[in-house]
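S.K.: This is the structure I have questions about; it appears just below.
Throughout, read-outs are computed from the coordinates displayed, never taken from laboratory work. All of these numbers come straight from a predicted model, not from anything done at the bench. A quick note on method: Cβ atoms are made from the backbone with ideal geometry, for glycine too, and the neighbour counts reach across all protein chains shown.
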Amino acid sequence: MRSMSATVFLGGGRITGALAAGLRLAGDRRRIVVYDRHPEKLRALRRESGVEIARDLKSAVERAEMLVIAVRPASVKRMLAEVMACGAFSRKAGPPRLCVSLAAGIPLKKLRAWLGEPRHRGSVRWARAMPSPVGRMGRGLTAGCFERGVTKAERRQVHELFARVGAVVEVPESRMDAFTAAYSSSHGYHALAALAKAGQDAGLDRETALTAAAHALSDGIAYWRASGQSLDELLEEAATPGGIAAATMSAMDAAGYGRAVKKGIQAGVKRARRNAML
């Protein structure tokens, strides 16, 4: 039995900060312990979300009921090697039973292999999760997948963590890369910037152009969520044949809007799959 068990994050970057802030916003008072090599990141996290700072990697791992790997994909292999080398697994409690990787593109089979000694692999259950930074305000979206052997209780444990900061979906691991490329809030920011720039080019001042573009994207999507109508129905309603919206959408489609988005998603999936080769 682990003493003082906690949800432990290895890596104190942007996504750890977003999740910790979102959990606190939701009233979640679980013990969150963070290990990172950069003291300034840890101090900022403690000020914002009241996380506990691990003095070293060993003390962090020893307290983990759930160990969350929150470093860049290129750093995962090295981090797991350091976990094995720190001596935490020599305790009677052994390694954490539940490990969750937030690294895009790194498959479960590699996570399992990188953990180290074969005697520990069977006792550790791996999950992958792709949470959104928007979870900071409780409106996140997380996709998760699990290796064989993860129990229902462990799945529920992972689900409940991310459900505190937004919606959760479970997808097969083979589709995680596509989800990663498609769900990013950067799509919204990119579209907002492009639409506002086009509005400025058409004669609007910057503030008005941003207000109009934000309404088109944010409020329009909020209405779709609340109305229960399909996208086809809303497009037909909003883009009346012969009207301004219809002319705008038709010109965008003719210019290759759909093809550009498809090409972007394909590039994102390709990048995620390159991570699997690390």
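S.K.: Output the Kirkwood hydrodynamic radius of the chain, Cα pairs only, in Å rounded to one decimal.
M.R.: It works out to 20.9 Å.
S.K.: Using Cβ contacts closer than 10 Å as the measure, can you line up Tyr183, Tyr257 from fewest to most?
M.R.: Tyr257, Tyr183
S.K.: Per the helix-only calculation at 222 nm, which mean residue ellipticity applies to the chain, given -39500 (n - 2.57) for every DSSP H run of n ≥ 4 and division by its residues, nearest 500 deg cm²/dmol? Don't skip to the end; give the middle numbers.
M.R.: Working: 14 runs with 144 residues, N = 278.
That comes out to -15500 deg cm²/dmol.
S.K.: Considering only Ala6, Leu210, Leu234, whose Cα is most displaced toward the positive end of the charge dipole of the chain, charges sitting on Cβ of Lys, Arg (+1) and Asp, Glu (-1)?
M.R.: Ala6
S.K.: Identify the residues of region 204-241 with backbone N under 16 Å of a label point that sits 7 angstrom from the Cα of Ala26 along the Cα-to-Cβ direction, or state none.
M.R.: none
S.K.: Hey, another quick one. To make sure I understand, if each residue's beta carbon is the centre and we count other beta carbons within 10 Å, what order do Cys86, Cys145 fall in, fewest to most?
M.R.: Neighbour counts put them in this order, fewest first: Cys86, Cys145.
S.K.: Under the definition of Cα pairs under 8 Å and six or more residues apart, what whole-number percent is the relative contact order of the chain?
M.R.: 16 percent
S.K.: Follow-up question, since we're still on this one. Starting from the Cα-Cα distance between Glu236 and Tyr257, subtract it from 0.36 nm times their residue separation and give me the gain in nm to one decimal.
M.R.: Answer, rounded to one decimal: 5.7 nm.
S.K.: Take the alpha-carbon positions of region 99-206, form their convex hull, and give its projected area averaged over all directions (one quarter of the hull surface) in nm². Numbers along the way, then the final one.
M.R.: Values: hull surface 33.6 nm².
Mean projected area for region 99-206: 8.4 nm², to one decimal.
S.K.: Another question about this same structure. For region 6-176, compute the number of Lys pairs whose alpha carbons are separated by less than 17 Å, excluding pairs fewer than 8 positions apart on the same chain. Show your work: numbers first, answer last.
M.R.: Details: Lys58/Lys77; Lys58/Lys92; Lys77/Lys109; Lys77/Lys110.
Counting lysine pairs in region 6-176 gives 4.
S.K.: Once fully extended, how much extra length lies between Cys86 and Ala113, figured as 0.36 nm per residue of separation less the alpha-carbon to alpha-carbon distance?
M.R.: Stretched fully, the Cys86-Ala113 segment lengthens by 8.0 nm.
S.K.: What is the order of Trp114, Trp126, fewest Cβ neighbours within 10 Å to most?
M.R.: Going from sparsest to densest Cβ surroundings: Trp114, Trp126.
S.K.: Between His190 and Ala247, how many nm apart are label points set 7 Å from Cα along the C-beta direction?
M.R.: 2.9 nm
S.K.: Pull up all non-local amide H partners of Arg31: gap of 5 or more, or a different chain, and H-to-H distance under 5 Å with H placed in the peptide plane.
M.R.: Thr7
S.K.: Shifting gears a bit: Order of 167-179, 231-243 by packing, highest average Cβ count within 10 Å first?
M.R.: Result, highest mean Cβ count within 10 Å first: 167-179, 231-243.
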